[in-house]
Structures are given as structure tokens and as C-alpha cells.
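Before I ask anything, let me first share the structure, which is written out below as C-alpha cells.
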Amino acid sequence: MNEKGMKEEEVLVILNEKKRKDRRYDRILSSMCTYPHDIALKAHMMFIEANLGDSGLFPGTSEMEEEVVRMTGALLGEENACGYISTGGTESNIQAVRAFRNFKMREWRGTPREGERMNIVVPESAHFSFEKIADMLCIDVRKAQLDDELRVDLSDVEALIDDKTIGLVGIAGTTEFGQIDPIKEMGDIAIRNEIFLHVDAAFGGFVIPFLDKKYEFDFSVEGVSTISVDPHKMLASTIPAGCVLFRENELMEMLSVETPYLTTKTQFSLTGTRSGAAAAATYAVMKFLGVEGMRRIVRKCMDITKMLVYGARSLGVHTVIEPVMNVVALDVGDAERVSSALRERGGWITSVTRKPKALRLVIMPHVKEETVSDFLADLKCVCEEQC
Ligand code: 0PR
């Protein structure tokens, strides 16, 4: 730290220099985040000092958090769901599995299984947050294979379950391909085996309810116990805003920690101090857009996704799966080479999927028709060079 403070203008000059180094989202096709909505920005600034870690000091902010949980629960099939605003999908996934673990630890007490290593079964397509979960919670994370459409293979899920399995994870909107696992069938398996089912809808939770096609992926499926859904992705709230939902309060209670000297006596969240600003931003976007506004945004992203897919196909480039949502994986041959050639040629930031290797594009609200036209022109050149 410098001994003497700098002038405000001097600090601002440095900040501007740093800001110039950061990329704008305009040519970023790899991100599940986007520019926050204007109303989110305003709300964020208004509640910038609010700390939900000591929510009794900020009852207004706390009311907004409760309302976000209620609205999100209602959107995802259970208006009486409980939960809280987390820092994102990673924390939400950790917390859901931690609640499963604590619940089963209590259930197994005094049984021959007590003290044995527990496991969960996740699809091979699971986000890398599950690696952190295995490490932090000291449980085994078993990976089930995928079928040809890159959904989890149900027979492999069943084969991996044993008497130490505490829960399953299904993904509604996989990070790499935007695919939706067969949640209904997974719910049946969970019920039959008396284990929990967590749905990772970090990305898809604010997409799928607004698609024309209907999917059973949320609390409307009986066996679903918990859901992760991120306002800082498709809802265009500010970062950090995730949401973890529990169908039953009893399960969330497994996370309860006493906070004796705070204004509230217990806490469920993983972090202590928590952004009230992101909660206010999420509340504001939900109120401002309503279901109609979100449907409009998702429809627009899907139209642009179709435009991209159509354009790519006319270049002879096909998709790995028929896109379910605004995530597209293009079979371009050497995806790493194409990805870096696109970066060099037009400053496009794309990513490459693990298995199968493909060029991955996420059509977030900052991706416009013109963006896709320009991208397709560069893709054409890059593909021709390759041929
Ligand atoms: N679950 C799923 C299905 C996800 O796609 C992600 C993140 C998470 C959980 C974890 O969420 P948090 O990152 O909020 O903890 N998916 C993106 C990814 O890792 C996140 C992302 C966003 C990556 C913007 C890059 C980026 O520029 O690919």
C-alpha cells in the first residue's frame, strides 16, 4: 500500500486504464454472464452497503431476498420452497450436497454405515464445482456416462448407486452443451432408492421456464429436493447472485449455524458477509421484467441461436446436438485451432468443449443479430482456410 494517499483523479486514471484492459462482452461468445440490466445496476448501487450476513440490520433488503426466493420457487414449481441468495452456482451446489450429507449423517447414526464414505452420482457433464464438493465435503463423486444426446444415461446412474449413495444430481442446462437431463426419471430413481435429487439449473433455471417447449425439470417433479439457479447468468442481475432452493425447510435446517452475537440467531449461507446489493438487483430485475419480459429476452436469444445454427449449417458446419437452449456446440473439426483462429481474426472469444470436442458458443443477451452475422463471416473464412 502506498504511504500517502493519491488524489481521486489519479486513482480514477488508473481505474480507467485497468478498465480498458478488460474485454467488453460484445465479442464474448463463451460466457454465461452478460451486462447487468439497467434496473439491476440502479438497485445494486442503492443497496451497495447492505450486508445480508447480518440481515436484522437490513430488514428491507432481507424482505427482497425472501421475495426473490418466493418468486423463484413459484417459477420453479414450488412457491413454498425456502432458500437464500448465494454467490452463484458453485455455492448453491455445495450447499445442496452439504445438506444431503448432514441429513444422511443424522439418519445413519448408530447404523453399520455410520462413518463410511458417502457418495453422490452426477452426470459426466457436471460442472467442475462438483470437484470442489468432493474435496470439501469428503464424499465420492461418481460420474455417470452420457447417452448419444449428451443426457445422463439412466442405466449407468442406477448401476452406480449403492447403499452409501446419498443423492443424485441432474443438470437442467449443461454448461457445455445446454442439454437437460431426464429429471423426471431421475426423480423416480431417487424416490425408489430413498435418496435426494439436486437439480443444477444454474444456467437453465432462468431459461427453460420461458422456452416454447415445456420440460419437467423442477419441483414439479416429485423427487427433486433442491435446485440451483443463478440470477447473475440469464436473469442479468449483478454478480454475485445465485439462488439455492430447498423443497423442505427440514433439509435447509441441516445447514443452520448459530450466530449468537448477530441480529439473527442462525445462518444458513456458506459465506458470512453477503451482498445485499445483488439481492436488491435480482429483486428489481424480476419485478421489472416479469414473466413476459423474461420470455421476450429468452425468445430473442433463441431466435439468434437459430440464426447462428442456420448460418453455420449453410457453411457445412453442424451442431453436436440440436440446441435445446441458447448454448451451441459446433462440430468444426479441430475446435482448438478454429477457436484460436477466430480469436486472431475477429477477437472472438469462444470455448472448446471436453467430450466430444466442439466449438462452444453461448448466445447471451449481449449477442445481437449483427454479432452473429460478423461471426459467421469470420467462421466461413476460418473454415475455408482449414479445408
Ligand atoms: N452449474 C452450472 C451448470 C454452470 O454452468 C455453472 C457455471 C455453475 C454451476 C457454477 O456457477 P458459478 O460460476 O456462478 O459458481 N458455468 C459457467 C462456466 O463455468 C460460468 C461462467 C460464466 C464461466 C462466465 C465463464 C464466464 O465467462 O463455464
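None of the figures in this text is laboratory data; all of them are computed from the coordinates on show. This is a predicted model, so every value here is computed, not measured. Neighbour counts are summed over all protein chains in view; Cβ atoms, including those assigned to glycine, are modelled from backbone coordinates with ideal geometry.
What's the center-to-center distance, using Cα atoms, between region 264-303 and region 184-250 in Å?
Their Cα centres are 15 Å away from one another.
Just the number: Rg to Rh for region 1-86, Cα atoms, Kirkwood Rh, two decimals.
Values: Rg = 18.8 Å, Rh = 16.9 Å.
Rounded to two decimals, Rg/Rh equals 1.11.
For region 2-69 and region 324-364, what is the separation of their Cα centres, given in Å?
So the two Cα centres are separated by 29 Å.
Another question, if that's okay. Fewest Cβ neighbours within 10 Å first, please rank Cys243, Cys138 accordingly.
Sorted ascending by nearby Cβ count, the order is Cys138, Cys243.
Eight or more residues apart or on different chains, and alpha-carbon atoms under 24 Å: count the Lys pairs in region 105-256 matching that.
Pairs that pass both the separation and distance tests number 10.
Listing Thr87, Thr271 from the residue with the fewest other Cβ atoms within 10 Å to the one with the most, what is the order? All intermediate terms of the calculation are to be shown ahead of the outcome.
On the way: Thr87 19, Thr271 13.
Fewest-to-most Cβ neighbours within 10 Å comes out as Thr271, Thr87.
Sticking with this one: Convert 10 °C to kelvin, take the viscosity as 1.306 mPa s, use the Kirkwood radius over C-alpha pairs of the chain as Rh, and evaluate the Stokes-Einstein diffusion coefficient in µm²/s, rounded to a whole number. Let's see the in-between values first.
Details: Rh = 22.1 Å.
Answer, rounded: 72 µm²/s.
Which longest uninterrupted range of the chain lacks any chymotrypsin sites (Phe, Trp or Tyr not before Pro) assigned by DSSP to a loop state (not H, G, I, E or B) and surrounded by at most 13 other Cβ atoms within 10 Å?
Details: sites that count: Phe128, Tyr261.
With a cap of 13 other Cβ atoms within 10 Å, the longest stretch comes to 129-260.
How big is the C-alpha Rg of region 210-324 next to the rule-of-thumb value 2.2 N^0.38 Å, as a ratio?
Details: Rg = 19.2 Å, N = 115, 2.2 N^0.38 = 13.4 Å.
Rg over 2.2 N^0.38 Å, computed on Cα atoms: 1.44.
Take the alpha carbon atoms of region 76-151, find their center, do the same for region 367-387, and report the distance between the two centers in whole angstrom.
40
Going by how many other Cβ atoms sit within 10 Å of their own, how do Thr174, Thr264, Thr371, Thr238 line up, fewest first?
Details: Thr174 28, Thr264 13, Thr371 19, Thr238 24.
Starting with the residue having the fewest Cβ neighbours, the order is Thr264, Thr371, Thr238, Thr174.
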